[in-house]
Amino acid sequence: MNVYMLEMAVVWNWKLISKMEGFYTPKGFKIIKLHQCWTPFDISSNESIEIIKWATNKNLPIFIHLFSDNQVKKFIKIANSFADTTFIIAHMIGFKTMSTILKNKNVYFDISAPQLYSEDILKSAINTVGCDRLILGSDSPYGRDNVEKNIKRLNKLLLTENQIKSICGENIIRILQLKKINQ
């Protein structure tokens, strides 16, 4: 198991929180991943809310891969209700919808899959939420050369070195409260 992330690929049941606690205490993972494509669930379900409450209590961010427009709309309501919870949205899914309605400033956007959103969407994200709320990911093993493609996109947008550093690592270091390695 990755000691930094607990991926919640489980069948929802009443023991879910105790299972998470059982992994968290000895392993001290840093993030929870919810993936609706591999494990279908409703983000507004009681079980999802319990996970969000638990993560908030532990100060753990939630990385979520949303599956549909309907789930994006439900997520916006949930995120706006949990202003103290940090969420990271995989692949900028739903950004256009979220950018006008989302009030939670603790929602970040992963840019790992450039084939799933246009350069105009990326520009809009930079202008709307800023570079401090964007995170470079790889989406490995699915995203062939995604890191390189995204770095080329960022350079093409003429961002400053500090903006690129924020997106390419400093934001996730801050969110996960990791120690920065001197280069």
Any chance Ile181 is surrounded by fewer than 20 Cβ atoms within 10 Å (Cβ to Cβ), aliphatic (A, V, I, L, M) and not in a helix (DSSP H, G or I): yes
Unmet requirement for Leu136, which otherwise passes all of (1) surrounded by 14 or more Cβ atoms within 10 Å (Cβ to Cβ); (2) at pLDDT 95 or above; (3) under 22 Å from Ile31 (Cβ atoms); (4) more than 13 Å from the chain's Cα centre (by Cα): (4)
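What do you reckon, is Ile111 within 15 Å of the chain's Cα centre (by Cα) and crowded, with 21+ Cβ neighbours inside 10 Å?
Criteria met by Ile111.
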Of the criteria (1) modelled with pLDDT under 90; (2) surrounded by 16 or more Cβ atoms within 10 Å (Cβ to Cβ); (3) of a type in the set (Val, Ile, Thr), which one Ile52 fails: (1)
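Just give me the residues in the stretch 53-93 being hydroxyl-bearing (Ser, Thr, Tyr), part of a helix (DSSP H, G or I) and more than 15 Å from the chain's Cα centre (by Cα), in sequence order. Before you say what the answer is, go through the steps one by one.
We begin by selecting, within the stretch 53-93, every residue hydroxyl-bearing (Ser, Thr, Tyr); these are 56, 68, 81, 85-86.
Subset that is part of a helix (DSSP H, G or I): 56, 81.
The one that is hydroxyl-bearing (Ser, Thr, Tyr), part of a helix (DSSP H, G or I) and more than 15 Å from the chain's Cα centre (by Cα): Ser81.
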Looking only at the stretch 142-178, and only at residues there that are in contact (Cβ under 8 Å) with a residue 24 or more places away in the chain and basic (Lys, Arg), the one that is surrounded by the fewest Cβ atoms within 10 Å (Cβ to Cβ): Lys156
Every residue from the stretch 28-41 that is surrounded by 14 or more Cβ atoms within 10 Å (Cβ to Cβ), not in a strand (DSSP E or B) and not aromatic (Phe, Trp, Tyr): Lys30, Gln36, Thr39
Filtered residues of the stretch 55-72 (kept if under 19 Å from Asn106 (Cβ atoms) and surrounded by fewer than 18 Cβ atoms within 10 Å (Cβ to Cβ)): Thr56, Asn57, Lys58, Asn59
Cβ-Cβ under 7 Å pairs, at least 6 apart or on other chains, the stretch 100-125 side assigned to a helix (DSSP H, G or I), far side among the charged types (D, E, K, R): Pro114/Lys149; Pro114/Arg153; Glu119/Arg153; Ile121/Lys96; Leu122/Arg153
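The values are calculated or read from the model by the stated rules, or taken from the named source; none is laboratory data. Everything numeric here is computed off the predicted structure, so don't read it as measured data. Note that we place each Cβ from the backbone using ideal geometry, even for glycine, and neighbour counts take in every protein chain shown.
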